[in-house]
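Structure first, commentary second.
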Amino acid sequence: MLSKTLRQAGPYYARLLEISPESTIWFIRRVENTAGEPVALEELYIPYSVVPGLEEVDIKLFSIYDIYQWNGIVLGEGHQTLRITRLPPMLAKHMDVPPEQAVMELSCTTRDRGGRVVEFSRSYVRNDKAEFVVHFRHTNP
């Protein structure tokens, strides 16, 4: 884990999280490793009101989904976007890639079953270390 801090939402994250710009949010940044190599860098933005006791939880040991479950949060839906981008030099260093190397950026807004936004996440994934498989089924209403 690189950081877990509280900060003010500001206009950009307030819009994404559907809260006021003055609201407090959690900012979590961590690197996902596989076989000792960095594969993804994840950033989470969570309204403080969603998980107010997060400061007491070691997120190196427990997943954010465990924490949601403990807080009675049932996830409902998410909207995810994939794009290709380049990392700023500081983030590229954490991912062990040159800044000019393209990475996949997955951004997702997740809502609970009541429609409340519970998180905005952004993951930067090394395309030389990952593969995505999508399965879908069309059903008639």
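Accessible surface comparison of Glu22, Glu43, probe 1.4 Å, protein chains only, largest first: the order is Glu22, Glu43.
With all protein chains in place and ligands, DNA and RNA left out, the 1.4 Å accessible area ranks Leu61, Leu82, Leu2 as Leu61, Leu82, Leu2, largest first. Helices in the chain, meaning DSSP H runs of at least 4 residues, each add -39500 (n - 2.57). Divided by all residues, the mean residue ellipticity at 222 nm is -4000 deg cm²/dmol. For the peptides 110-116, 34-40, residues were scored by their other Cβ atoms within 10 Å and the scores averaged per peptide; the highest-first order is 110-116, 34-40.
Please report the relative contact order for the stretch 49-126, taking Cα pairs under 8 Å with a sequence separation of at least 6, and give it as a percent rounded to a whole number. Don't skip to the answer; put the middle values down first.
On the way: 107 pairs, mean separation 21.1, N = 78.
Normalised by residue count, the contact order of the stretch 49-126 is 27 percent.
Can you give the FRET efficiency for Gln101 and His79, using 1/(1 + (r/R0)^6), R0 = 22 Å, r = Cβ-Cβ distance, to the nearest 0.05? That gives a FRET efficiency of 0.25.
Give me the 1.4 Å probe accessible area per residue for the chain, excluding ligands and nucleic acids, in Å².
Ligands and nucleic acids excluded, the figure is 62 Å² per residue.
Amide H contacts of Asn127: Met104, each under 5 Å away and 5 or more positions distant or on a separate chain (H built 1.01 Å from N in the peptide plane; Pro and chain starts excluded).
Cross-link reach is defined here as a Cα-Cα straight distance under 20 Å, omitting same-chain residues fewer than 8 places apart; for Lys60 the lysines meeting it are Lys4. Per the Debye calculation on the stretch 46-98 with a single equal scatterer at every Cα and no solvent contribution, log₁₀ I(q)/I(0) for q = 0.12, 0.15, 0.26, 0.32 Å⁻¹ amounts to -0.49, -0.70, -0.95, -1.22.
Legend: residues Tyr13, Tyr48, Tyr68, sorted from most to least accessible area (1.4 Å probe; ligands, DNA and RNA excluded), read Tyr48, Tyr13, Tyr68. Computed about its Cα centre, the charge dipole of the chain is approximately 260 debye, with only Lys, Arg, Asp and Glu carrying charge at their Cβ. Sequentially through the stretch 97-106, phi angles give Karplus couplings (6.51, -1.76, 1.60; θ = phi - 60°) of 10, x, x, 7, 6, 6, 10, 8, 10, 10 Hz, Gly and Pro residues having no value and appearing as x. When the solvent-accessible area of the chain is split by element, carbon and sulfur atoms take up 51 percent of it, the probe being 1.4 Å. What the Cα atoms of the chain give is an Rg and a Dmax of 16.1, 48 Å.
The values are calculated or read from the model by the stated rules, or taken from the named source; none is laboratory data. The shown structure was predicted, so the numbers you read here are calculated from the model rather than taken from an experiment. Positions of Cβ are generated from backbone atoms using ideal geometry, with glycine treated the same way; all protein chains shown enter the neighbour counts. SASA here: full protein model, heavy atoms, side chains in, ligands and nucleic acids out. Shrake-Rupley method; radii C 1.70, N 1.55, O 1.52, S 1.80 Å.
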